[in-house]
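What follows is a single structure, written as structure tokens, with notes after it.
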């Protein structure tokens, strides 16, 4: 089997998913989600048949936002809020990595059942997109740290973007760029919420929210 460049770089994204599930530091998660953002943003350059000036600008803007601005915004929020940088797991790190491996295998199986002609030439495009969605959802449920949960949400959006890259349509870049701006706004709002949670509880452990009363 001959792998094309898209499958090679997507294999690193799958590997980064396992690392993210085994990471015990928020900074590592930020670096990994930044790496994933850069990789999936350059995918259109490999699979796009006709990259016009407009689509190239949109793609480069997406790369900057996903790979630089969003990770940097999260890092600044952590630094200004003096937030603990240890990821508190609900599911242990080793168990999470095993679950991640199962998610990747499941994503590969499910993608094999799907018949999407536009991505048939790229073996890992669908499995990686599904794995990103599943891993992001897993982080949302298996981590107590708010930052880790936000990163899980961003991973899910990365998976959606990767699906959109495979299902190439004329207005894809405009729609995806609009979604990306929503994600960026969400990250900014998250920074404000984190500061308020930090002031109230002196921590960002979501378990502490149970103590809130009317």
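The values are calculated or read from the model by the stated rules, or taken from the named source; none is laboratory data. Predicted, not measured: the structure shown is a model, and the values here were computed from it. All Cβ positions, even for glycine, are placed from backbone atoms using ideal geometry, and neighbour counts span all protein chains on display.
Matching residues to (1) modelled with pLDDT of 90 or more; (2) within 18 Å of residue 12 (Cβ to Cβ); (3) touching a strand residue (DSSP E or B) at 6+ places or on another chain (Cβ under 9 Å):
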residue	(1), (2), (3)
76	no, no, no
87	no, no, yes
93	no, no, no
97	yes, yes, no
106	yes, no, no
117	no, no, no
123	no, yes, no
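Residues to consider are 74, 9, 78; find the one that is touching a residue at least 60 places away in the same chain (Cβ under 8 Å), within 29 Å of residue 147 (Cα to Cα) and surrounded by fewer than 22 Cβ atoms within 10 Å (Cβ to Cβ).
On the way: 74 fails: surrounded by fewer than 22 Cβ atoms within 10 Å (Cβ to Cβ); 9 fails: touching a residue at least 60 places away in the same chain (Cβ under 8 Å).
On inspection, the qualifying residue turns out to be 78.
Return yes when residue 60 is under 21 Å from the mean Cα position of the chain (by Cα), under 18 Å from residue 133 (Cβ atoms) and either assigned to a helix (DSSP H, G or I) or at pLDDT 85 or above (or both) and no when it is not.
Values: under 21 Å from the mean Cα position of the chain (by Cα): yes; under 18 Å from residue 133 (Cβ atoms): no; either assigned to a helix (DSSP H, G or I) or at pLDDT 85 or above (or both): yes.
The answer is no for residue 60.
Can you tell me which residue within region 134-162, out of those that are closer than 15 Å to residue 62 by Cα and at pLDDT below 85, is surrounded by the most Cβ atoms within 10 Å (Cβ to Cβ)? Top of the filtered list is 162. Can you find even one residue in region 24-44 that is more than 12 Å from the chain's Cα centre (by Cα), in contact (Cβ under 8 Å) with a residue 60 or more places away in the chain and not in a helix (DSSP H, G or I)? Within region 24-44, one or more residues are more than 12 Å from the chain's Cα centre (by Cα), in contact (Cβ under 8 Å) with a residue 60 or more places away in the chain and not in a helix (DSSP H, G or I).
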